[in-house]
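The values are calculated or read from the model by the stated rules, or taken from the named source; none is laboratory data. Here the structure is a predicted model, which is why all the values come from computation and not from measurement. Neighbour counts run over all protein chains shown; Cβ positions are idealised from the backbone, glycine included. What goes into the accessible areas is simple: the full protein's heavy atoms, side chains included, and nothing from ligands, DNA or RNA. Shrake-Rupley method; radii C 1.70, N 1.55, O 1.52, S 1.80 Å.
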Amino acid sequence: MRSLFALRPVAAVHRLPPRSQACPLSLRDILRGLAGRARGLPLFVAPVPAVARAALVAAQEARAVVGVALAAGAAPEPWFEALARAADELAPRLPFFASAEVVVEDGEEGLERAHAGAHRLVEAGVTHLAVDVAAVAPARRAQAAARVAGVAAERELAVECVIAPDALDPAAATAFLEEFEGWGVRADLVGLRCADAALPGEAQRQRGAMDALAGALDRPVLRRGGLGSGAAGAFRGGRLRLCEDGGAALAAGWRALPAVLRERGPGRGEQLLAASDAERIEALAYSEAAALIEALGAEGTAPELVAALGVRR
């Protein structure tokens, strides 16, 4: 029986220290292994290492597969290196995916920048690439998305098409996906940007819309955007397969800092934080991470994945 490590993408392995037991996998393999299971996997926005550490600790305790996302515009190389160290230390051999998003601007120059950015992300170790072409003229969106996403697809990494707001209904989304795949790249999942689900009745409305879209597209759906307190449980048992935390874990940790540090913002990284501040962020982010894992029913997905893929952990 092969080791789970044999499935780690080549670019990610090249970024790992020698003998590292961190186990980043392509989200494509994760979705394949967990297909048919009514489980939701969380994706945590983690621009600073303390949030990634919190998510990995919560995942290890719950034996859950989770994703950790790079903040838009951040340098991917040091981020992935910090994530790999945390996974090796806190969650050895636990499968997870490293996520990043490319927002494509309109015009040829914007497309070239997005293509170069996607290439850098893939080389840095990212195992799930989301492509957002909402800013591109509708007639050119599918081709632009396929050109950028192809960088990840050719490495057998997961490709996510983020559906533009004007293509959210099943018919429009189906037409866009068919045109996108006509350029030779298959979408492993579809991403949706949603309003805060904490408003009365909003979570149930979104669940119905996402279930309909997942059925029409025959693809896993990833919900992006703020959840609001207690709303995640409304999506459990539906067709939603992945759910971003909307930065909730980061926000919980950042609120615990003194005002003078909060004002700097997480974009400055942790180099400005004392060890005690980073520990405070991690502790409070952990509570949010553990709650989302439980709300989505992700506990036990790691051993399920291992069994489904026919490998040993």
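Miscellaneous remarks
- Protein accessible area in the chain, 1.4 Å probe - carbon and sulfur %: 52 percent
- Computed over protein heavy atoms with a 1.4 Å probe, the accessible surface of region 1-311 works out to 41 Å² per residue.
- A Förster distance of 35 Å, applied to the separation of the beta-carbon atoms of Ser229 and Glu108, puts the FRET efficiency at 0.20.
- Correct choice for P(r) over Cα pairs in 20 Å bins from 0, in percent that was computed from the model, options [x] 24, 41, 26, 8, 1; [y] 26, 44, 22, 8, 1, 0; [z] 35, 61, 5: [z]
- Rounded Å value of the spacing that divides the Cα centres of region 284-309 and region 117-184: 27 Å
- Modelled FRET efficiency - R0 25 Å, Ala35 with Ala72, Cβ distances, 0.05 increments: 0.30
- Taken one residue at a time, the phi angles of region 41-55 give Karplus couplings (6.51, -1.76, 1.60, θ = phi - 60°) of 9, x, 10, 9, 6, 9, x, 10, x, 4, 6, 4, 4, 4, 5 Hz. Gly and Pro are set to x.
- Placing a pseudo-label 7 Å from each Cα along the Cα-to-Cβ vector at Ala172 and Ala139 gives an inter-label distance of 1.8 nm.
- Relative contact order of region 1-311, taken over Cα pairs closer than 8 Å and 6 or more residues apart, is 25 percent.
- Separation of the Glu202 and Val10 label points, Cα + 7 Å toward Cβ, nm: 4.5 nm
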